[in-house]
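Quick notes on the structure that follows.
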Amino acid sequence: MFDYVAPADFLEQKSILITGASDGIGKCCAITFAKYGANLILLGRSLEKLEQVYDEVEAINPGRVSIQPIDFKAAQEDAYATLATSVAENYDCLDGLILNASMLGARNPIEFVPADVWEETMRVNVNSTFLLTKAMLPLLRLSRDARLLFISSSVGRKGRAHWGAYGVSKFAIEGLMQTLAEEMEKTSTVKVNSLNPGGTRTGMRQEAYPAEDPYSLPTPEDLMPVYLYLLSTEAQGIHGQAIDARDFEPGKYFPPPKK
Ligand code: NDP
């Protein structure tokens, strides 16, 4: 795995919003970013789980975290606008947006994906990501060096049988990333990328591969050097890239030098 020693407190004064922060990789991001001094806005579906993460983060970096339960299945555009207003009331800008939440849903051949499962998966994985990005862009533009990270998957980069709506939703995320990255390139300093964490020891992975030995997989903690690097000033030149956490090497993602 990629090894990166982030400078102490390098996220001090940075405000970062993480979706899906109540569990798995998103929760690990919250705890890790808190250790580097970040102000955190944590979203998750379950208030109870978010409160546990809140307690852990408070113990690391008191007074710098807020939590907001939201169910992306049901949330409408006005809920995202309200969220943006509340962030704007508390912070000058948003320096990081980690769009990490998603649901796996039923995995069937396309022919047998129930229409309601398709719609629900698209609402949670795609629509929420679009709506939150749209609501937060004015705040990201106010940052001198904002990072927007869409969390993707290998099944969103090459189609795989039986991954149904989940796989297709991740293709949509890649499309959103590419479109937005090009739009941001000349009009802002916001850096937009997607990141595929790769198989990681979480509840979602266990749901997808129930027979797999979870101890054969990297943990969310193992991935954190990549996430921290992508928030660092060293990664400022990485933009519009579909990044893999597994075998991550920064050099692969910088634009080639101009002739
Ligand atoms: P987990 O299942 O551990 O966590 C998912 C998070 O998303 C939870 O915080 C959950 O909230 C939240 N969430 C799910 N549904 C909703 C909803 N309807 N509304 C709001 N929040 C919701 O997943 P991982 O940590 O494994 O995955 C994180 C990201 O990484 C995902 O985008 C996933 O697709 C991607 N990924 C993961 C891989 C892996 O092997 N783990 C591999 C490739 C990609 P709550 O806990 O409150 O329900």
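The values are calculated or read from the model by the stated rules, or taken from the named source; none is laboratory data. Quantities reported herein were computed from a predicted structural model and do not represent experimental measurements. Because the Cβ atoms are built from the backbone with ideal geometry, glycine has one as well, and the counts that use them run over all protein chains shown. Surface accessibility is based on the protein's heavy atoms, side chains included, excluding ligands, DNA and RNA. Shrake-Rupley method; radii C 1.70, N 1.55, O 1.52, S 1.80 Å.
Checked against the criterion of being modelled with pLDDT of 95 or more, over 23 Å from LEU94 (Cα atoms) and part of a loop (DSSP other than H, G, I, E, B), the candidates GLU207, GLU221, GLU212 yield just one match: GLU212. If you scan the stretch 1-19, which residues turn out to be aliphatic (A, V, I, L, M) and closer than 19 Å to ASN196 by Cα? Scanning the stretch 1-19 gives MET1, LEU17, ILE18.
Annotation note: Cβ proximity below 6 Å between a residue of the stretch 67-93 that is touching a residue at least 60 places away in the same chain (Cβ under 8 Å) and a residue that is of a type outside the set (A, V, I, L, M) and open to solvent by less than 50 Å² (accessible area, probe 1.4 Å) (sequence gap 6+ or interchain) occurs for TYR91/SER15; CYS93/SER143. Scanning the stretch 90-126 for residues that are part of a loop (DSSP other than H, G, I, E, B), more than 19 Å from the chain's Cα centre (by Cα) and either surrounded by fewer than 18 Cβ atoms within 10 Å (Cβ to Cβ) or more than 13 Å from the ligand (Cβ to nearest atom) (or both) yields TYR91, ASP92, ALA106, ASN108, PRO109, VAL113, PRO114.
Screening the candidates VAL87, VAL53 for the property of being in contact with a strand residue (DSSP E or B) (Cβ under 7 Å, 6 or more places away or on another chain), open to solvent by less than 50 Å² (accessible area, probe 1.4 Å) and over 26 Å from GLY203 (Cα atoms) yields one hit, VAL87. Across the stretch 171-210, the number of residues qualifying as under 18 Å from the mean Cα position of the chain (by Cα) and either of a type outside the set (A, V, I, L, M, F, W, C) or within 12 Å of the ligand (Cβ to nearest atom) (or both) comes to 19.
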